[in-house]
Amino acid sequence: MKIILFLALTTTLLFSSLDAKALLVRTDVTKLNDQQYQANYQFYNDGQSSIDGLIVYFEYGLFDNLALLSSPIDWDMFVAPAQDIFGFQEDGFVDGLALASPLLAGETLSGMSVMFDWLGALDALGTIQRFETYDANTFAVTSAGQFQLNKVQAVNAPSGVALYLISVCIFGLVFVTSRRSRQASKNSRNQHALMIGKGEAP
């Protein structure tokens, strides 16, 4: 009986601790060119406790040339690149620390924007990223999770092929319209000449 109570208590505490630090991450990603992306991050505290420290990881071999474009107000953030240290492949990361007010339960934190080069074979859409939250006083990790990059939208100018196809379509439309106009004019002249031949024209 004591064992059952112990297991029940342990399970309750485990799920309580996980729920106490639930962080939901949403992203808005823009493809700047063939390899470069910009990602804007939004963090929602779905737990019961405040969050004053968080880290977002950028996997080694997939993300390169990380650059922090902007940070949330009253948060100190810095970026560390992914690198190989004596054969150990370390992920890059962005570390954020609340300077004034932490992210309270039910609140949303916006303003973190990162630019990076994508090295993956497939598009960055759907890529899994890891995150952690930590206690700013003890630096102990309080939660960890994953999320997907989404909403990839291209801002590239039309390619040469696209411009060529558009030009061909416009030229074809102008050609067909002009040809129909000339044919209609020719038919009108022929009909007028026929009426004159029959003595019907005024």
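The number of residues in region 152-170 that are at pLDDT 50 or above and touching a Ser or Thr at 6+ places or on another chain (Cβ under 7 Å) comes to 1.
Here is a yes/no grid of residues against (1) touching a helix residue (DSSP H, G or I) at 6+ places or on another chain (Cβ under 7 Å); (2) in contact (Cβ under 8 Å) with a residue 24 or more places away in the chain; (3) outside any loop (DSSP other than H, G, I, E, B):
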{"residue": "V29", "(1), (2), (3)": "no, yes, yes"}
{"residue": "A39", "(1), (2), (3)": "no, yes, yes"}
{"residue": "Q48", "(1), (2), (3)": "yes, yes, no"}
{"residue": "L54", "(1), (2), (3)": "no, yes, yes"}
{"residue": "Y57", "(1), (2), (3)": "no, yes, yes"}
{"residue": "G61", "(1), (2), (3)": "no, yes, no"}
{"residue": "I73", "(1), (2), (3)": "no, yes, no"}
{"residue": "G96", "(1), (2), (3)": "no, yes, yes"}
{"residue": "V114", "(1), (2), (3)": "no, yes, yes"}
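In this structure, does A67 turn out to be assigned to a loop (DSSP other than H, G, I, E, B), small (G, A, S) and in the same structural domain as N150 (by TED's automatic domain parsing)? In short, no. A residue that is modelled with pLDDT under 95 and either surrounded by 12 or more Cβ atoms within 10 Å (Cβ to Cβ) or in the same structural domain as Q36 (by TED's automatic domain parsing) (or both) occurs somewhere in region 92-100.
A single member of G47, G53 is of a type outside the set (D, E, K, R), at pLDDT below 95 and within 20 Å of L23 (Cα to Cα), and it is G47.
The values are calculated or read from the model by the stated rules, or taken from the named source; none is laboratory data. Keep in mind the model is a prediction, meaning the values are calculated, not measured. When we count neighbours, we look across all protein chains shown, and the Cβ atoms used for this are built from the backbone with ideal geometry, even at glycine.
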